[in-house]
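No lab work stands behind these numbers, since they all come straight from the coordinates. Just so we're clear, the structure is a prediction, and the values are computed from it rather than from any experiment. Positions of Cβ are generated from backbone atoms using ideal geometry, with glycine treated the same way; all protein chains shown enter the neighbour counts.
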Amino acid sequence: MRTIVDGFREMVHLIGDTFRLWWRNLLPMATWFLAGYVGFKICLESAIWLDEHAHSSIGVGVFSAGVLIQIAAYVGMIRTCATSLYRWRDAASNQAEETSDPTQQGLMELLAVTLLPLVAVWSAWGFLEDQLQQLSISNIVTRGMQSGATFFELGGGAWHKYLPVIVILLVLRRVIQAIDDRWPSRPAKFVQVWAEAFFLLITVVVTPFAIADGKNWIRSRVFWHWTLDRWGGLKDFFEGINVPIPAGLEFLWGFFWESLWPLFKLGVAEPLTWLAITTVVFGHRVLSSGGVFRGTRIERRLGGQLEVEAPKQNRVVALTNKAPNLLLGGLREKFYPTLNAFRLLVRVGPVFLGVVCMVYTFWLLGSDWAFVALQRAIGIHGQRWGLMNHEIAALVRDVFFETLRIALLAAAFDLCISVGAERRAEAAAAEADAEKNAAPASV
């Protein structure tokens with residue numbers, strides 16, 4: 001019963017803090033959002049024009065730049081809320097806390113640790129698919145559906161032509177990193193961050209088509225047909241003895257993939273991932289992989305030794321092991337702050353995280369209902385106005401609800417700091433009481 005009361009109380013506080021932050025910072029957050037929206041639309045139209053005039057590779061780069069502008073705008077929106085958080089202010093002034101003031105960091109430093117995880121978030125939860133769909137629709141409206149008018153075509157093996165771009169971006173960011181290590185400069189860091197983001201963005205877009213082609217190749221091999229035949233025979237055997245175990249496994253997998261996974265993705269994984277990104281913006285950082293597991297059960301089970309001394313290797317083996325780092329070195333460190341942010345979220349307990357997921361679900365439902373209501377309010381004004389009505393309704397909805405999402409995440413982080421401090425204080429008090437009660441017994 002106490003858990004339900006605590007959860008309800010935290011939900012009321014979270015909703016109230018969300019609307020307070022949203023109202024106080026609506027104008028600057030809306031400015032950031034509109035700047036990202038206008039930048040994306042300009043890049044979108046420029047990319048279509050470049051592709052129409054036989055510059056498709058440059059057009060893909062310009063479109064990617066528009067997506068990254070939108071992502072950078074989200075980082076700016078999160079940073080805008082920093083001045084209105086009061087619980088977090090006390091935590092930032094405490095040296096024992098694992099957070100710092102984002103307003104004391106440059107926007108480029110924040111982008112360096114958030115841009116790659118945000119690209120991954122946009123890819124995992126379908127935001128990139130929405131941007132690609134907008135590109136496809138705008139291209140059809142502008143150029144029609146005649147032959148040769150398709151843009152950013154990846155199916156049918158067309159994704160192979162983007163592999164040189166991925167390799168060039170890897171080499172470019174490594175060269176720029178070496179230059180920045182030798183002669184540090186902000187322009188070099190800027191180019192390096194955007195080269196890394198371009199690399200990850202194109203990679204996550206190309207990967208599904210590469211996987212699909214790989215599946216088609218495996219499906220046409222002889223050994224794959226052999227396994228299919230054996231699986232079909234196994235199903236027939238179990239059905240013959242009225243024990244449909246293989247069919248039951250297929251049913252369970254379909255139930256998980258079609259019912260449970262979408263609920264988990266929208267209701268749990270997406271809000272907690274966005275909250276982790278917000279936590280990174282507010283200064284929760286770690287610079288090594290060992291720091292991710294420091295103070296956890298994994299470290300205790302390993303005896304506090306996360307880095308085991310490896311045996312000496314000969315020069316050829318050492319060079320072979322270092323080969324992947326020649327191009328990929330430095331990319332994984334960009335994700336350590338986000339992993340460490342998840343550790344901070346886990347420490348506050350399941351009740352608070354459940355409250356955040358519940359309120360985020362309310363936001364999702366409100367966003368969908370608002371979009372339907374706006375479309376109904378605009379009405380139907382002829383066949384040629386359908387796309388324009390859709391874009392107007394989506395823009396009005398996003399100006400309010402995307403800024404409300406950022407306010408919700410910032411308020412959740414602020415309350416997370418308070419709840420985490422209360423949990424640590426309660427644990428310390430319980431430990432002190434246990435030691436006090438154990439002292440007379442030992443005497």
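Between VAL396 and PHE335, what FRET efficiency follows from the Cβ-Cβ distance if R0 is 60 Å, with the result rounded to 0.05? If you can, show how the numbers build up before the last one.
On the way: r = 35 Å, r/R0 = 0.58.
With R0 = 60 Å, the Cβ-Cβ based efficiency is 0.95.
Taking the beta-carbon count within 10 Å as an exposure proxy, list THR207, THR338 from fewest neighbours to most. It would help to have the intermediate numbers written out before the result.
Values: THR207 12, THR338 24.
With the sparsest Cβ surroundings first, the list reads THR207, THR338.
Considering only the other residues whose Cβ falls under 11 Å of the Cβ of ALA73, what net charge follows from Lys and Arg at +1 and Asp and Glu at -1? Kindly include the intermediate steps, with their values, before the conclusion.
Numbers: positive: ARG79; negative: GLU402.
Overall, the nearby charge balance is 0.
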Checklist entry - If packing is taken as the mean number of other Cβ atoms within 10 Å per residue, what is the order of 253-264, 164-175, highest first? => result 164-175, 253-264
Checklist outcome for this item: The long-range amide H neighbours of VAL348, using H built 1.01 Å from N in the peptide plane and a cut-off of under 5 Å, are none
Checklist outcome for this item: Listing ILE211, ILE140 by rising number of other beta-carbon atoms within 10 angstrom, fewest first, gives ILE211, ILE140
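Work out, step by step, the length gained on full extension between PHE19 and HIS160: first 0.36 nm times the residue separation, then minus their alpha carbon distance; give nm to one decimal. Display every interim value, and only then the final one.
Values: separation 141, 0.36 × 141 = 50.76 nm, distance 4.75 nm.
Between PHE19 and HIS160, full extension yields an extra 46.0 nm.
What FRET efficiency, computed as 1/(1 + (r/R0)^6) with R0 = 56 Å and r the Cβ-Cβ distance, is obtained for ARG347 and ILE140, rounded to the nearest 0.05?
Numbers: r = 49 Å, r/R0 = 0.87.
Efficiency for this residue pair is about 0.70.
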Item to check | Under Karplus coefficients 6.51, -1.76 and 1.60, residue-wise ³J(HN,Hα) of the range 40-55 in Hz, glycine/proline x | outcome: 5, 5, 5, 5, 5, 5, 5, 5, 5, 5, 5, 5, 5, 9, 6, 10
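What is the local net charge at ALA30, summed over the other residues whose Cβ is closer than 15 Å to its Cβ (Lys, Arg +1; Asp, Glu -1)?
Numbers: positive: ARG24, ARG79, ARG397, ARG405; negative: ASP398, GLU402.
Overall, the nearby charge balance is +2.
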